[in-house]
1. For Gly160, all conditions in the list (1) among the small types (Gly, Ala, Ser); (2) surrounded by fewer than 24 Cβ atoms within 10 Å (Cβ to Cβ); (3) more than 13 Å from the ligand (Cβ to nearest atom) hold save one; what is the number of the exception?
2. Just need a number here: residues in the stretch 22-43 that are free of Cβ contacts under 8 Å to residues at least 12 places away in the same chain and among the polar types (S, T, N, Q).
3. Which condition does Thr108 not pass, out of (1) within 11 Å of the ligand (Cβ to nearest atom); (2) polar (S, T, N, Q); (3) in contact with a strand residue (DSSP E or B) (Cβ under 9 Å, 6 or more places away or on another chain), if it passes all the others?
4. If you scan the stretch 123-137, which residues turn out to be buried (at least 24 other Cβ atoms within 10 Å of the Cβ) and more than 12 Å from the chain's Cα centre (by Cα)?
5. Considering only residues of the stretch 23-58 that are acidic (Asp, Glu) and part of a loop (DSSP other than H, G, I, E, B), which is nearest to the chain's Cα centre (by Cα)?
6. Of the conditions (1) in contact (Cβ under 8 Å) with a residue 60 or more places away in the chain; (2) over 16 Å from Ala134 (Cβ atoms); (3) surrounded by fewer than 15 Cβ atoms within 10 Å (Cβ to Cβ), Asp59 satisfies every one except a single condition; which number is it?
7. May I ask you to list pairs of residues, at least six apart or on different chains, whose Cβ atoms are under 6 Å apart, with the first in the stretch 142-157 being on the phi > 0 side of the Ramachandran plot and the second being assigned to a helix (DSSP H, G or I) and near the ligand (Cβ under 7 Å from one of its atoms)?
8. Answer yes or no as to whether Gly175 is crowded, with 24+ Cβ neighbours inside 10 Å and either more than 9 Å from the ligand (Cβ to nearest atom) or under 17 Å from Asp53 (Cα atoms) (or both).
Amino acid sequence: ALFEDIEKIDDTLGSFLFINKENALKQAKELDELQAQDKMDGALFGVPMGIKDNIITKDVLTTCASRMLEDFHPIYDATVMEKLNGASSVLMGKNNMDEFAMGGSNETSYFKNVRNPWDTDAVPGGSSGGSAAAVAAGLVPYSLGSDTGGSVRQPSAFCGVVGMKPTYGRVSRYGLVAFASSLDQIGPITRNVRDNAKILNIISGTNHRDATSMPNVDQDFLEGIDADLSGKKIAVPEEFLGEGIDQEVTDAVEKAIKTFEEMGATVDRVSFPHIKYVVSAYYLIASSEASSNLARFDGIRYGYRAEGTETLEELYRKTRAEGFGEEVKRRILLGTFVLSAGHYDQYYIRAQKLRSKLEADMLKTFEDYDLVIGPTTTSAAYDIGEKIDDKLRMYKEDILTIPANLTGMPSISIPCGLSEKKRPIGLQIIGNHFEESKVYNAAYKFE
Ligand code: GLN
């Protein structure tokens, strides 16, 4: 039935780059047989999933929405895929995204745009725009996205669904095509908070193939999810509701704050004075790491290879010129410049210092508060084509999601209202490191 829905509406939506129909139906049949024999095994037995196309799926096309990987069929599964397959979930297809996860509107995909199911004139957000749109349209009950600077939470906000970026290290990045390794985290996108916690239960945990992954300490995110919020202390950074945030977004979040107060939580205004520098710091750090990570796409090892070249140098040059899109090249150039001798101290080191200062601000806040809340985005979804030519403006709009990435803290986006144009608005709840349970608890009570 879901494949029929996908066939019916995804021509318009564009949320899938590849439909895994044959394999999925075969697997579903096998699961049906197991069920008939009463041998249902797996926490997600027969539950369909969508997966962002930068997560490696064995033998199943994985393109990162780039010409560079147009025909790439990986020979192994990402750790998260091993876990979800092990839970008997069924892969429906690979979700569209911004090329190599660089973007916030899904307009940098090499293949096609994604439309927002709430209003097909609007962007779905990005870079996990296909994942969020597919879940919002009911084409899959859940999808995985990746979040380097907001790419799970921002599209979730724009599409009115629930998206979690876990603590850095909570989920193994093995098999996630690297964008900025010190920031990247895989996270679930779902229609409700409980489903989200359930998926995170399955995909999290330490993994010997990712040295930055952390032990799961056997945490169950469903446990205590409906605990009372009375006595909880919540901080709202004043920079999150001031200048640069649309009035309708501020209004929706102020209303959410009242709801938390009615549930017995205390809400105080705090200040994160370093917030104004986070966009610059993020784009310097993320681009630096990207310029190094994307060096592997050289036309030799895998992916696209340009034709008709004579020297090795020419092969590299032409392959990368033809294989990467404009936004990816912009980031590689910026990153290479930032890391070059003479500029490294001026840009890269200073960005890292800012990162430490922000973390200190936020850790200090968490000494007194359980959670930090605010909007996920500065506005609701905008029209396709409206901002794509104003890169700086788009970068600046990541200001609210970036802090959780720079500090490695967990953060969720949940729906909290509609704009005048009837487009969803997201509420962001940030927790201290490894305190996803508190985040889920507040999100669940609010929902
Ligand atoms: N919009 C941000 C960027 O373009 C975030 C991307 C992401 O989280 N993958 O870098």
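FYI, it's all coordinate maths here, none of it is from the lab. Model, not experiment: these values are computed from the prediction. Neighbour counts run over all protein chains shown; Cβ positions are idealised from the backbone, glycine included.
1. Gly160 satisfies all of (1) among the small types (Gly, Ala, Ser); (2) surrounded by fewer than 24 Cβ atoms within 10 Å (Cβ to Cβ); (3) more than 13 Å from the ligand (Cβ to nearest atom) except (2).
2. 2
3. For Thr108, the exception is condition (3).
4. Val123, Pro124, Ala133, Ala134, Val135, Ala136
5. For the stretch 23-58, the residue satisfying everything is Asp53.
6. Asp59 satisfies every listed condition except (1).
7. Close Cβ pairs satisfying both conditions: Gly150/Asp398.
8. Considered against the rule, which asks whether it is crowded, with 24+ Cβ neighbours inside 10 Å and either more than 9 Å from the ligand (Cβ to nearest atom) or under 17 Å from Asp53 (Cα atoms) (or both), Gly175 comes out as no.
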